[in-house]
Each structure stands twice: as structure tokens, then as C-alpha cells.
Amino acid sequence: MRKIGFYAGSFSPVTRGHLGIICEALNDYDQVIVGVGVNEGKQQLYLPEERAEMVHKSLDDLLFEYEYRDLIGIKYSRSELQALERLANTPDCVKVISYKGLTVDEALKQGATSLIRGERIVGDHDSEMQTSILNKQILEVRKASLNMATIPVPREDMTYISSSNVRTLFGLNEYIAAERYITSSVHAYLVGKKLSEKYVDLLKRCDVSKINSIKNYSNLVKTYNKRRHHSMSHIGYMFNYLQIAENLEYAQTENKELLAIAIFYHDFVNEGKEDDEKASCAALKDAGLSTNLRAEIEKLIMATKHGALPEEMSFEMKLIHDLDLAVLGDTTNYGHYAANIRWEYGKYDDEAYKKGRIDVLKKLLSSEPLFLLPEFAKLFEEDARANMQKEISYWQSR
């Protein structure tokens, strides 16, 4: 008899803690069914189909991270390696569904043999025990049985990962801190949803109608989220550090609205070509912005053309330049950044990419200084240079 585990939850959103439970279950069950529950009496930020899609995206991200584990710098346990190898070779070992009604009824319909519950070290035990007892009583009424399996989170660093913490961080616009809780594709998707209101409000102040703004933003998100680094996550990253700079009072700008629009559009076109920034500027016309506004925003966008900067740069131009490069000095997320860039240039074989990437990194390292504003140089310069040297060594060893 096949062992089928039914792992139910709201997954609002799915986190690395959830994924850790799924991986552990893959070592015990022939198939793991992830059930995205629909509770009619509970208000959810995300629709059931959105939550199910985020689970799918997270599983794809796990396989991406597994493929690029050496570049990212991930060390897996033996059980994690076994689970990921199995997921890579037999993707149907995990099935994702949405369902309404009682979890036990859906589990029985799906042919499950066990109900899986995840348990963190802190705070979950009592509630999980209560849920287990209730499920057993409900099953007795149906004259049915299911094993009750509790799987603790596999690593200590997952103990405090929760969907509610992700929602809290997004509510505070702390997108960077949230990155450690969720995978790249889910992060980009959530940033895209979160920044919608900001974008529409910005364009409203520039006399663009709400209908056109919503249409423009949908196209913008779709364009960005085809990529792994130059996605909405990158836009959120820049806005996060802009907020920090404003809160700490070392980035008070006179043209805040224009700077924000420039951040939204600076990587609209990113194909690794010489004229990417000019092509991104051209998209401003489609957004419905006036000629005068476009001219000012274009100056800011062109300040992100690293290695070919204008001779004279305003404070805002230097600021967007530094915000764009901030990820280089990120000691936590740099490995994911490097892997995501490799994915974006997947049309090149390893040898061609290695040569081109090393050239780009060396060119950046030759910039003196790399960051133009003293506060950003203090925050990122040293770590950025160390990160890039480390990546160069990685590619040279391949």
C-alpha cells in the first residue's frame, strides 16, 4: 500500500519552514499532497489559487537553489539532499491542490494514509495536539482512520519562520528581511502585489488615470517577474533601502516622486545590451507621463548605467546609482543574487558566461569608489568588494 501524506495549511504565504516540512515528508512518503485550505470564515490576503501557485513556485525555486547550491553557498543535510534529488527526478511525488471543507474529508478523498502536521520548537506543540485530537474524533464519526504524523522543523534556523512574520515584514515595507523566510519567486510576486498601490498613487500625481496606471503596472510586473534578479524583488530592495536612508535622514530628496518612478522603470528592459537604459526610458511614454517629467526621470534612469555615468550627477542620480548596486554589499543574499544573474543569462554556456561575468565584476571593482554617496560607501563598499572577489574566485575555479 502506498504511503500518501496530506499536508494541509493556509500557506499565506508558503515559507521555507513549510518547504522544510515537505522535504522531510518526502523521505517518509511515496507522495506528499499539499492541501491549500479554503476557510470561508477566515479573511485571507491571497486567493486560494494564488496561494497554490506560490507553493508551485516555491518548489521550482527549491530545485533552482539545488542546481546552483555551490554558487549560492548552501549546505544541505543528507535528508535534504535525498528529498531534493527525489523531487528533481520525480516531480509528481508532490501534488498541490486547493480544497474547501474539512481537512480530513479532503485527505480521505485524495486517498491519503496520514495527516501531516508541522511543528516548530516554540509554541506549536499544544495547538497541534489539540488539532490532532479533534481530527481523530471527526474520523471516528466517519468510521475512518488516518495516521497523525507530526514533523518538527528540520533546522533550528527555521524555528521562527512563519507566514505571519512575512506578512508583518511586508506591512512594514521591510522586503529585504523577508527574503530569508520565502523563496525568490514568491518574494517577487508578493513585492509586486504590495507596490501596486504605491505605483498607482505616484502616477495619479502625474495626471495619469487610475485605469491606465493599473494597466501599466500589470505590464510592468509581468515584465520584471520573467526574470530572477531584475524582478520586482529588486525594485522592493531599492525602495527598502531608500526608506532606511530617509528614516536615518541621510537621503532627503527634493524630487521623491520622480525618483520613485525612475526606480520602477530603471530595469524595465534588461537584456544585457548597451542600450537597455535608453529602452527602459522609452517605456515612460507608454506610461502616459508628460514630456517634461520623462526628461527628468530619464536622467535618473541613465544614472544606473554603471561604467558609463554622466559627468555631472545630482544627489538623486547618485542615490539611485547606489540603491541599484546595494545588493552587491549584501552578505546574506549575495549568493542568491549571483545565481539569479546566471539564470538570466542562461542562453550562454558556462564558459562564455564565466568570461563575461568575470569581466563585468572586474570592471565594477575598478570603480573608485563603487558607491558615490559616503553613507552608502560606508554601508556597502567593503562587503561588496569582498563578495565580488569571492564570486570571481568561484568562476575561476570552474
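Read-outs throughout are calculated quantities, based only on the coordinates presented, and are distinct from any laboratory measurement. Every value quoted in this text rests on a predicted model; they were computed, and no experiment measured them. Glycine also receives a Cβ, built like all others from the backbone with ideal geometry; neighbour counts cover every protein chain displayed.
Just want the ordering: Phe264, Phe6, Phe170, from fewest to most Cβ atoms lying within 10 Å of their own Cβ. Write down the numbers at each step before the final one.
Numbers: Phe264 25, Phe6 29, Phe170 21.
Going from least to most buried by this count: Phe170, Phe264, Phe6.
Ratio to report: Rg/Rh of the stretch 4-158, with Cα atoms as the point set and Rh obtained by the Kirkwood method; give two decimals. It would help to have the intermediate numbers written out before the result.
On the way: Rg = 15.6 Å, Rh = 16.2 Å.
That ratio equals 0.96.
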Hits for the chain under the membrane-span-like helix rule (DSSP H, Cα axial span at least 20 Å, Kyte-Doolittle mean at least -1.0) are 48-67, 125-141, 210-224, 232-247, 350-365
Flagged as over-length at 20 Å C-alpha distance, from Lys278/Lys299; Lys194/Lys347; Lys362/Lys390; Lys109/Lys136, the pairs are Lys194/Lys347
Highest mean packing first, using Cβ neighbours within 10 angstrom, the peptides 288-295, 173-180 sort as 173-180, 288-295
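Given charges of +1 on the Cβ of Lys and Arg and -1 on the Cβ of Asp and Glu, with all other atoms neutral, how large is the dipole of the stretch 4-158 about its Cα centre, in debye to the nearest 20? Mind dumping the intermediate values first?
Details: 17 positive and 24 negative charges, 80 e Å.
With only Lys, Arg, Asp and Glu charged at Cβ, the dipole is about 380 debye.
Which value in Å is the Kirkwood Rh of the stretch 195-396 over different Cα pairs? Show your work: numbers first, answer last.
Details: mean 1/r = 0.0569 Å⁻¹.
The answer is 17.6 Å.
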For the chain, the charge dipole (Cβ of Lys, Arg +1; Cβ of Asp, Glu -1; about the Cα centre) points to a positive end, and the Cα of Leu248, Ile116, Thr291 closest to that extreme belongs to Ile116
Ranked from fewest to most other Cβ atoms within 10 Å of their own Cβ, Thr150, Thr332 fall in the order Thr332, Thr150
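Only Lys, Arg, Asp and Glu count, each charged at its Cβ (+1, +1, -1, -1), so figure out the dipole size of the chain about its Cα centre, rounded to 20 debye.
Numbers: 51 positive and 59 negative charges, 239 e Å.
That gives the chain a dipole magnitude of about 1140 debye.
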Shape call for the stretch 317-387, from the Cα gyration tensor axes a ≥ b ≥ c (a/c under 1.5 means rounded, otherwise prolate when a/b beats b/c, else oblate), comes out prolate
Placing +1 on each Lys and Arg Cβ and -1 on each Asp and Glu Cβ in the chain, then taking the dipole about the Cα centre, the residue among Ser218, Ile358, Tyr99 whose Cα reaches farthest towards the positive end is Tyr99
